[in-house]
Amino acid sequence: MRRRPDFRPLPSEITPREAFVSRRQLLQGALALTLAGTGSLASAANSLRFRKNPVYSTQEKVNSFEEITTYNNFYEFGTGKSDPAERSAQFRPTPWSLTVAGEAEVTGTFSLEDVLRPHALEERIYRLRCVEAWSMVVPWVGVPLGDVIKRFRPTSRAKYVAFKTVFRPGEMPGQRFPVLDWPYVEGLRIDEAMHPLTILAVGVYGEPLPNQNGAPLRLVVPWKYGFKSIKSIVELRFTEQQPPTSWNRSAPQEYGFYANVNPEVDHPRWSQAKERRIGTGVFAPRVPTLPFNGYAEQVAGLYRGMDLVRYY
Ligand SMILES: Nc1nc2c(c(=O)[nH]1)N[C@H]1C(S)=C(S)[C@@H](COP(=O)(O)O)O[C@H]1N2
Ligand SMILES: [Mo]
């Protein structure tokens, strides 16, 4: 793993050797307890250690692991909802590295372990609202993106963060066809990226992300349509200009840069006013979609004074 000499952990991240050893022992003990306590079917080797974050979690009924991992959008593995689960077995999410570039004091390529080590994992239950008008409730495990970003010390010129998905046509059969301009790219304004609701997810249902959900590292921005939550991220770049995004490039009149969930702004080909919650059955009534996907209280302030019809 290449590691640029200018990447030094902050003093608070340095763990004395003894503390590290005892923490590891503690971790093993806690893991056994977690498994005994929840009766989880997951093997000890696969389970993540995290704390639940009720403050940032919805009380709604979570979707099943089966629903969350078999009804996906991940065009790198095909455009059908079951393609990602059926066609991602060849994908190898370990080892993984993340390149950090652009307007920041700390840049370079880092192992995912180095990126995550100082951060405590949290479980957050968020609604996911796809632009195709279906939704799910997902127990993600991850870390606030803002906490990770701070360690790279973005400069005052960093107005946006651009994200890039891995390009591996050998392992991702969908990338052999020009469905989108690969690799998939996305972006956030820096204040959106720093917002405490925005997370980098590494797991779901207490286990590392399955390939179809964006292993080993994906973005989750709960007040935006699902396509902003880019999967299998390999690069994070701080930019002064608004970066291009895959769906905006492919159909600019249908998909904007902001993509905030907005029941009042319809997709040109269908309404965004209601949604179908996956798992409630085809005859279940559609439920109204909430502004900012129900997170308006927390995030509406980011867009004060902006015309959200123009900036869709
Ligand atoms: N790289 C990449 N990321 C992606 C997509 C994709 O096709 N490629 N689809 C997006 C869309 S449209 C949605 S709705 C969510 C779906 O996430 P899930 O499959 O974990 O529910 O992933 C998003 N992230
Ligand atoms: Mo989506």
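The values are calculated or read from the model by the stated rules, or taken from the named source; none is laboratory data. The model shown is predicted, which means the values in this text are computed figures rather than measured ones. Glycine also receives a Cβ, built like all others from the backbone with ideal geometry; neighbour counts cover every protein chain displayed.
If you check Thr165, Thr94, Thr109 for being surrounded by 20 or more Cβ atoms within 10 Å (Cβ to Cβ) and not charged (D, E, K, R), only one passes: Thr165. Flag: Thr245 does not match the condition of being more than 16 Å from ligand 2 (Cβ to nearest atom), closer than 26 Å to Val143 by Cβ and of a type in the set (Val, Ile, Thr).
Taken together, Ala104, Ala120, Ala85 contain a single residue that is more than 16 Å from ligand 1 (Cβ to nearest atom), surrounded by 16 or more Cβ atoms within 10 Å (Cβ to Cβ) and either under 23 Å from Thr155 (Cα atoms) or touching a residue at least 40 places away in the same chain (Cβ under 8 Å) (or both), which is Ala104. Can you tell me which residue is nearest to Pro263 (Cα to Cα) among those in the stretch 123-141 that are surrounded by fewer than 22 Cβ atoms within 10 Å (Cβ to Cβ) and more than 14 Å from ligand 2 (Cβ to nearest atom)? Ranking the candidates gives Val137 first.
All of (1) more than 17 Å from the chain's Cα centre (by Cα); (2) without any contact (Cβ under 8 Å) to a residue 60 or more places away in the chain hold for Ala193 with one exception: (1). Counting the residues of the stretch 243-255 that are under 29 Å from Asp114 (Cβ atoms) and either more than 12 Å from ligand 1 (Cβ to nearest atom) or small (Gly, Ala, Ser) (or both) gives 3.
Candidates Ser111, Ser88, Ser156: the one that is in contact with a helix residue (DSSP H, G or I) (Cβ under 7 Å, 6 or more places away or on another chain) and away from ligand 2 (no atom under 16 Å from the Cβ) is Ser88.
With respect to (1) within 16 Å of ligand 1 (Cβ to nearest atom); (2) more than 15 Å from the chain's Cα centre (by Cα), the lone exception for Pro139 is condition (2). The stretch 208-312 holds no strands (runs of 3 or more DSSP E) entirely within its bounds that carry 2 or more residues that are at pLDDT below 95, buried (at least 21 other Cβ atoms within 10 Å of the Cβ) and out of contact with any helix residue (DSSP H, G or I) (no Cβ under 8 Å at 6 or more places or on another chain). Where helices (runs of 4 or more DSSP H) sit wholly within the stretch 97-199, those with at least 2 residues that are closer than 30 Å to Glu297 by Cα occupy 145-151, 190-194. Any chance the stretch 288-299 includes a residue that's in contact with an Asp or Glu (Cβ under 6 Å, 6 or more places away or on another chain) and among the aliphatic types (A, V, I, L, M)? Within the stretch 288-299 (the criterion being in contact with an Asp or Glu (Cβ under 6 Å, 6 or more places away or on another chain) and among the aliphatic types (A, V, I, L, M)), the answer is no, since none of the residues qualifies. Given the criterion within 20 Å of the chain's Cα centre (by Cα), in contact (Cβ under 8 Å) with a residue 40 or more places away in the chain and away from ligand 2 (no atom under 16 Å from the Cβ), identify the matching residue among Glu207, Glu240. Going through Glu207, Glu240 in turn, the sole match is Glu207. The listed residues are Val161, Val221, Val131, and the only one of them that is in contact with a Ser or Thr (Cβ under 9 Å, 6 or more places away or on another chain), within 11 Å of ligand 1 (Cβ to nearest atom) and of a type in the set (A, V, I, L, M, F, W, C) turns out to be Val221.
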